[in-house]
Amino acid sequence: MPVLRALVFSLAAIITLTTCGCWGARETDEVAYILSLGFDRGKQSELLLSVGIANPMNIAGTGAGGGGSGDDEAGSTVIMGLESNSIIPSLNLFDISVDRRLSLLHTKAYIFSEELAREGLQKLLLPLIRYRELRGTSLILISRGSAKDYMENNKPLLELSPTKQFELIRALTGNHGLYSSTLYQHFYDDLNSFAVDGTAPLVAIQESDQETARAAAGVGVSNLTTEDYLAGEVPLTGGNPAQIIGNAVFRGDRMVGSIGGEESRYLLMLQGRFRSGKLTVADPLAGEPALVGLEVRQARRSKIKTRIDPEGKVAIDVDIYLEPEIIGIMSGINYESGENKAVLEEAFSLEIQRGCQDLIRRTQEEFRSDIVGFGNKAKRHFWTTSPWEEFRWLERYPDAEVNVTVHSRIRRTGLLLKTTPNKGGE
Amino acid sequence: MIREGTFGPAEAVILLAISNIARFFLPYPRNLVEIAGSAAWMTLLGGLVLALAGIYVMSVILNKYPGKTIIEITEEVFGPAVGMLFNLVTVSFFLAVGTLFTREFSEAMIIAALPETPVSVISVAFLAMGLAGAYLGIEILARTSRLSYLYVLGGIVLILLAIIPQCNPDNLFPLFGKGPLPVFGAGSLSAAAITEVILAAVLVQAMGGAKQFRSIGFRAMLIAYGLGAAFLATLTMAINYHSLTEFTLPFYKLSRLIYLGRFFQRVEAVFVIIWSVVGALKIALTLYGAAVSLARLLKLPDYRPLIWPLGLLMFMVSLLPPDLPSMIRIDLDFLRPFALLPNYVLPVLVLIIFQLRRWVRRAGP
């Protein structure tokens with residue numbers, strides 16, 4: 001059957017050639033990969049769209065740091081802006097200046113200005129999630145100030161690859177918990193949910209230096225760390241001026257407020273997503289103000305129990321389990337001993353409890369937004385979706401009674417097993 | 001006498017299971033979520049019960065006529081005219097499934113991987129694989145399934161495991177979703193609308209005869225529905241049901257969410273390969289089912305001359321719907337209800353007529 005064989009061979013050849021992707025093939029050096037996409041309110045149009053395009057010439061090894069701008073100082077990212085009323089179709093307009101086809105396949109972050117976030121993000125998120133190049137695993141960031149400014153001034157000095165910064169941002173919160181990272185898909189889900197409201201990390205360019213910075217709160221007033229900072233407020237010197245700390249709080253698709261880095265830790269602890277972080281607590285036994293440094297881990301996921309009474313009032317009990325490890329005692333008190341350890345555990349638990357209660361109070365009274373996701377537990381009381389949706393949890397949340405109990409157990413005391421006060425400086 | 005070849009129970013189980021899970025790669029799961037909400041996975045439990053009942057009824061019929069397939073049995077029970085009519089329903093059902101799957105797999109491939117390739121080219125590619133598979137015969141298809149099942153089923157399990165970090169079990173609540181009636185009524189009926197009961201009854205002699213039928217069918221359905229329920233539960237846990245109803249290709253969406261550190265992401269390429277294998281197998285199977293059923297109906301000695309015209313018919317009809325949403329509507333509004341006819345209604349009718357005749361014969365002079 002030579003004819004049949006020839007036919008089969010020809011067919012196989014045609015299939016191989018037409019369906020291996022060559023039809024729409026595009027070499028990597030024909031594509032410009034957008035690594036971050038920024039959204040601001042435009043002056044002439046509805047939107048100012050900013051794209052951070054990977055500059056392969058500099059990523060390849062010769063570039064000094066990320067960031068970049070449209071001027072002659074070409075970093076590993078080229079930032080371009082365009083006023084427009086739409087998102088995806090505007091990408092074609094960038095092509096008239098960039099000689100490559102723009103692609104969102106490697107976009108790691110979508111950055112929205114606070115101004116836009118306060119007006120509502122639904123109309124911006126919807127066209128993007130439909131677009132086949134968008135990945136649900138990209139980060140959502142809210143910029144205090146202009147997203148374009150943030151993109152232009154963001155210069156991660158330690159990274160050659162600008163995408164790595166965003167990858168690390170996603171994971172780094174596990175080391176300190178100073179923001180709760182949010183993926184596009186999860187943020188979009190939260191906007192659609194009847195059980196939870198959304199949050200997204202705050203980013204900003206540093207606005208203060210050590211001269212103009214807000215003073216840190218006195219020891220023993222805010223017991224866990226210094227003042228609770230938002231992005232842009234941390235008085236660092238040197239390095240990358242771009243900061244990420246704190247979270248924007250949403251009700252529906254609109255941003256209604258923000259919480260600082262410390263409150264973001266409480267948020268993560270309440271959600272059971274806090275992994276570890278270095279915190280301080282006011283020394284409970286020292287005569288004069290002093291701090292005890294602790295490295296804290298969440299021992300296990302927080303337990304959230306909800307009760308709904310016949311009138312529809314909801315009571316929520318949250319149990320948080322933490323394992324602090326002593327990393328520094330300024331007063332020299334021997335907290336390694338059994339009695340003192342219990343005192344320190346108690347003091348620490350109370351401080352975390354107070355912080356969590358304060359955050360919950362803010363979310364109920366100020367934001368009226370369930371960013372913790374208590375609704376996810378409340379809906380277990382309902383067998384079907386109709387009564388749950390009619391219950392209108394998000395409207396009831398501000399009236400819910402929430403009790404937080406923190407259980408702390410100091411498991412380890414670092415490299416020292418006993419603290420002996422030294423003789424002082426006299 | 002049509003020569004079909006033979007294969008063992010293991011091949012048969014895998015063949016039917018892979019054929020069954022093909023629908024989960026398409027927009028179909030979002031329909032189950034639309035019907036049942038957060039309890040979409042439960043529709044498959046109801047669907048499984050119906051499918052097992054279908055297999056049981058079919059096995060009872062096949063055991064009464066050893067050595068025959070459902071095509072000959074239908075003709076014998078209903079007589080040549082009505083029997084032919086019912087058998088034409090079966091043939092059209094296989095053609096309809098093949099046609100719709102060809103177009104849906106092609107459209108899905110465009111959305112996911114080949115956005116600039118014309119739909120006709122992808123359809124031709126799928127159909128070419130289908131034609132080759134059907135031409136080579138069911139034995140080859142069964143052995144191919146057996147060889148590829150580790151990659152197909154293993155790949156699916158791997159994707160489901162890799163998505164666990166993104167899962168939130170709270171999304172499975174409220175437990176009964178849109179209510180027990182939609183879940184176990186419309187949802188389970190839709191989930192039970194499969195090809196495999198009638199397909200297995202057409203292939204029964206190649207699978208080792210009526211005695212093996214029930215055990216093969218039960219095992220295949222347990223694997224396929226078990227995997228389907230796990231998939232839908234994972235899907236609902238990873239993406240809340242409100243968002244899920246919006247997505248065209250939920251499984252593809254799920255595979256794009258996999259992120260296990262900086263180095264293990266973008267694994268949807270694996271998914272697309274599994275998808276293509278399953279799509280090609282499903283199209284080949286339905287084309288084979290249509291050709292062999294028609295050949296038995298027309299008392300032809302060989303089914304192979306029918307493959308080309310039937311394949312061409314599938315290709316042409318698959319291009320008739322103007323767009324993907326229309327295609328999905330046809331799938332939901334036409335194919336799913338239609339599937340209940342040859343898989344459940346026809347066997348029950350055959351059984352009723354058979355019993356009636358027996359009673360009449362016994363009551364007779």
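The values are calculated or read from the model by the stated rules, or taken from the named source; none is laboratory data. This one's a predicted model, so the numbers in the text were calculated from it and none came from an experiment. When we count neighbours, we look across all protein chains shown, and the Cβ atoms used for this are built from the backbone with ideal geometry, even at glycine. Calculation scope for accessible area: heavy atoms of the full protein, side chains included, ligands and nucleic acids excluded. Shrake-Rupley method; radii C 1.70, N 1.55, O 1.52, S 1.80 Å.
Points to keep in mind about this one:
- Under the condition of being assigned to a loop (DSSP other than H, G, I, E, B) and either at pLDDT 90 or above or under 19 Å from A:Gly42 (Cβ atoms) (or both), the residues counted in segment A:132-160 number 10.
- Pairs, first surrounded by 15 or more Cβ atoms within 10 Å (Cβ to Cβ) in segment A:92-107, second in a helix (DSSP H, G or I), C-beta under 7 Å, six or more apart: A:Arg100/A:Glu30; A:Leu102/A:Leu91; A:Leu102/A:Phe94; A:His106/A:Thr163
- Scanning segment A:360-409 for residues that are of a type in the set (Ser, Thr, Tyr), within 14 Å of another protein chain (Cβ to nearest Cβ) and outside any loop (DSSP other than H, G, I, E, B) returns A:Thr385, A:Ser386.
- Selection of segment B:126-142 for residues being in a helix (DSSP H, G or I), away from chain A (no Cβ under 14 Å) and in contact with a Gly (Cβ under 6 Å, 6 or more places away or on another chain) yields B:Glu139, B:Leu141.
- With respect to being farther than 26 Å from B:Pro305 by Cα and of a type in the set (Val, Ile, Thr), B:Ile122 falls outside the description.
- When B:Ala280 is tested against (1) away from chain A (no Cβ under 12 Å); (2) in contact (Cβ under 8 Å) with a residue 24 or more places away in the chain; (3) touching a helix residue (DSSP H, G or I) at 6+ places or on another chain (Cβ under 6 Å), only condition (1) is not met.
- So A:Glu366, is it charged (D, E, K, R) and under 16 Å from A:Lys303 (Cα atoms): no
- The listed residues are A:Leu116, A:Leu104, and the only one of them that is of a type in the set (A, V, I, L, M) and modelled with pLDDT under 95 turns out to be A:Leu104.
- Unique residue being among the hydrophobic types (A, V, I, L, M, F, W, C), more than 10 Å from chain B (Cβ to nearest Cβ) and open to solvent by less than 20 Å² (accessible area, probe 1.4 Å) when the list is A:Ile169, A:Ile205: A:Ile169
- Test: residue in segment B:145-157 that is away from chain A (no Cβ under 14 Å), touching a helix residue (DSSP H, G or I) at 6+ places or on another chain (Cβ under 8 Å) and of a type in the set (Phe, Trp, Tyr): yes
- Filtered by the rule that a residue be open to solvent by 30 Å² or more (accessible area, probe 1.4 Å) and either assigned to a strand (DSSP E or B) or modelled with pLDDT of 95 or more (or both), segment A:230-251 gives A:Ile244, A:Arg251.
- Options A:Gly136, A:Gly145, A:Gly174; residue that is at positive phi and not aliphatic (A, V, I, L, M): A:Gly145
- Qualifying residue in segment B:217-238 (condition: in contact with a helix residue (DSSP H, G or I) (Cβ under 7 Å, 6 or more places away or on another chain), surrounded by fewer than 22 Cβ atoms within 10 Å (Cβ to Cβ), assigned to a loop (DSSP other than H, G, I, E, B) and within 14 Å of chain A (Cβ to nearest Cβ)): no
- Candidate set: segment B:176-192, residues that are crowded, with 24+ Cβ neighbours inside 10 Å and among the hydrophobic types (A, V, I, L, M, F, W, C); chosen: the one nearest to the other protein chains (Cβ to nearest Cβ): B:Val183
- With respect to (1) in contact with a strand residue (DSSP E or B) (Cβ under 9 Å, 6 or more places away or on another chain); (2) closer than 18 Å to A:Val249 by Cβ, the lone exception for A:Asp358 is condition (1).
- Check on A:Ile333, more than 13 Å from chain B (Cβ to nearest Cβ), touching a helix residue (DSSP H, G or I) at 6+ places or on another chain (Cβ under 8 Å), closer than 30 Å to A:Lys418 by Cα and open to solvent by 10 Å² or more (accessible area, probe 1.4 Å): yes
- Residue check, A:Ser302 farther than 22 Å from A:Arg392 by Cα, touching a helix residue (DSSP H, G or I) at 6+ places or on another chain (Cβ under 9 Å), in contact (Cβ under 8 Å) with a residue 12 or more places away in the chain and not in a loop (DSSP other than H, G, I, E, B): yes
- Check on A:Thr419, of a type in the set (S, T, N, Q), open to solvent by less than 50 Å² (accessible area, probe 1.4 Å) and part of a loop (DSSP other than H, G, I, E, B): yes
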